[in-house]
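Here you go, one structure.
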Amino acid sequence: MNLTFREKIIEKAISMGASKVGFAKLENFLPDNFSHLKTGISIIVRLSDQIMNDVVDKPTHTYFHHYRTVNFLIDQITLAITIMIQNEGYLAMAIPASQTVKTKTDAYTGIFQHKTVATLAGLGWIGKNACLVTEEFGPRIRLGTVLTNMILPYDEPIRNSKCGNCNICVKKCPALALKGNNWYQGMDRDALIDAFACSSYMSEQYKDIGRGSVCGLCISSCPKGTKIIRK
């Protein structure tokens, strides 16, 4: 069977450990320097349920290591996809899985938002925890992105939250950083989360876990996609 190039990208990503792949039309969502890269490929890698189940009151050393290991895997997957696309004669660039780029207006951002691509690719919505939430895995995931000028068949975007009246993650946040609002496409991040409060709390409280440690409580507490299996 002859695979389409879209199918080849999905096959490659899944073979390397991705859980979901989506394709987004990014026209009108890109900054000027990336405006020619009109296609976004969103990669999801699922986190370990066992490790996330153990994040109850604070992050664990295992979660800290797992978080970084999954980020490394995502960067390998997006690099492989970038090379595939370039070999076809198109431009492509991978957005780092986890990288903070301070700007004049935002000290807690990346060069382009993974969650923007993921929602436009129909992979999930942004929860009250300001993380992407998927139907299958909830927010127990990490994201990667490839931007390219190759035009591929696109998926249907998700434009609104499905969190409804649930506020479990908001109540669980030890930094009191979550504001409890339901996301919609185009909403400013500040309406969902106080990024400074979140980052400051992690830096002050979890130094014993590791440098740049992440909390994870708003992820582990989300009932969406939670699977606890004991045999």
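Checking the condition in contact with a Lys or Arg (Cβ under 8 Å, 6 or more places away or on another chain), buried (at least 16 other Cβ atoms within 10 Å of the Cβ) and within 20 Å of Gly124 (Cα to Cα), which residue from Val21, Val70 passes?
The unique qualifying residue is Val70.
Here is a list of conditions, (1) closer than 30 Å to Leu217 by Cβ; (2) in a loop (DSSP other than H, G, I, E, B); (3) hydroxyl-bearing (Ser, Thr, Tyr), and Thr62 meets all of them except one; can you say which number that is?
Among (1) closer than 30 Å to Leu217 by Cβ; (2) in a loop (DSSP other than H, G, I, E, B); (3) hydroxyl-bearing (Ser, Thr, Tyr), Thr62 violates only (2).
Separate question: Counting only residues that are over 20 Å from Leu123 (Cα atoms), part of a helix (DSSP H, G or I) and touching a residue at least 12 places away in the same chain (Cβ under 8 Å), how many does the stretch 45-59 have?
Within the stretch 45-59, the first condition is being over 20 Å from Leu123 (Cα atoms), and the residues that meet it are 50-59.
Add one more test, that the residue is part of a helix (DSSP H, G or I), and what stays is 50-53.
Subsequent filtering for residues that are touching a residue at least 12 places away in the same chain (Cβ under 8 Å) retains 51-53.
Number of matching residues: 3.
Can you tell me which residue among Ser203, Ser161 is over 22 Å from Asn53 (Cα atoms) and free of Cβ contacts under 8 Å to residues at least 12 places away in the same chain?
Only one candidate passes the filter, namely Ser203.
Sticking with this one: Which residues, taken from the stretch 202-231, are surrounded by 14 or more Cβ atoms within 10 Å (Cβ to Cβ), modelled with pLDDT under 90 and of a type in the set (Ser, Thr, Tyr)?
Passing the criteria: Tyr206, Ser213, Thr226.
Here is a follow-up. Any idea which of Val133, Val170 is in contact with a Pro (Cβ under 9 Å, 6 or more places away or on another chain), β-branched (Val, Ile, Thr), closer than 24 Å to Pro59 by Cβ and touching a residue at least 40 places away in the same chain (Cβ under 8 Å)?
Exactly one of Val133, Val170 is in contact with a Pro (Cβ under 9 Å, 6 or more places away or on another chain), β-branched (Val, Ile, Thr), closer than 24 Å to Pro59 by Cβ and touching a residue at least 40 places away in the same chain (Cβ under 8 Å), namely Val133.
Now a separate question. Please state which one of Arg140, Arg189 is charged (D, E, K, R), within 25 Å of Ser48 (Cα to Cα) and either at pLDDT below 95 or crowded, with 22+ Cβ neighbours inside 10 Å (or both).
Every option except Arg140 fails the conditions.
Would you pick out the residues in the stretch 22-44 that are assigned to a loop (DSSP other than H, G, I, E, B) and either free of Cβ contacts under 8 Å to residues at least 60 places away in the same chain or more than 20 Å from the chain's Cα centre (by Cα) (or both)?
Hits for the stretch 22-44 are Glu27, Asn28, Ser35, His36.
Which residue, of Leu132, Leu152, Leu143, Leu123, is closer than 30 Å to Tyr90 by Cα and touching a His at 6+ places or on another chain (Cβ under 6 Å)?
Leu143
Of the residues that make up the stretch 34-41, is at least one within 19 Å of Leu143 (Cα to Cα), modelled with pLDDT of 95 or more and loosely packed, with under 14 Cβ neighbours inside 10 Å?
No, the stretch 34-41 contains no residue that is within 19 Å of Leu143 (Cα to Cα), modelled with pLDDT of 95 or more and loosely packed, with under 14 Cβ neighbours inside 10 Å.
Assuming Ile83 fulfils every condition listed in (1) over 27 Å from Glu156 (Cβ atoms); (2) β-branched (Val, Ile, Thr); (3) at pLDDT below 95 apart from one, which condition is it?
With (1) over 27 Å from Glu156 (Cβ atoms); (2) β-branched (Val, Ile, Thr); (3) at pLDDT below 95 applied to Ile83, the lone miss is (3).
Here is a follow-up. Would you mention how many residues in the stretch 153-178 are more than 30 Å from Glu27 (Cα to Cα) and assigned to a loop (DSSP other than H, G, I, E, B)?
8
Of the conditions (1) of a type in the set (A, V, I, L, M); (2) assigned to a loop (DSSP other than H, G, I, E, B); (3) more than 21 Å from Phe72 (Cβ to Cβ), Ala18 clears all except one; give me its number.
Answer for Ala18: the failing condition is (3).
If you check Thr105, Thr109, which single one turns out to be modelled with pLDDT under 95 and either on the phi > 0 side of the Ramachandran plot or out of contact with any helix residue (DSSP H, G or I) (no Cβ under 9 Å at 6 or more places or on another chain) (or both)?
Thr105
Moving to a separate point now. Could you please find all residues in the stretch 128-167 being closer than 23 Å to Asn181 by Cβ and in contact with a helix residue (DSSP H, G or I) (Cβ under 7 Å, 6 or more places away or on another chain)?
Lys128, Asn129, Ala130, Cys131, Leu132, Pro139, Arg140, Leu143, Pro157, Ile158, listed by residue number.
The values are calculated or read from the model by the stated rules, or taken from the named source; none is laboratory data. What you see is a predicted model; the values in this text were computed from it and never measured. So basically every Cβ, Gly included, is an ideal-geometry build from the backbone, and we count neighbours across all protein chains shown.
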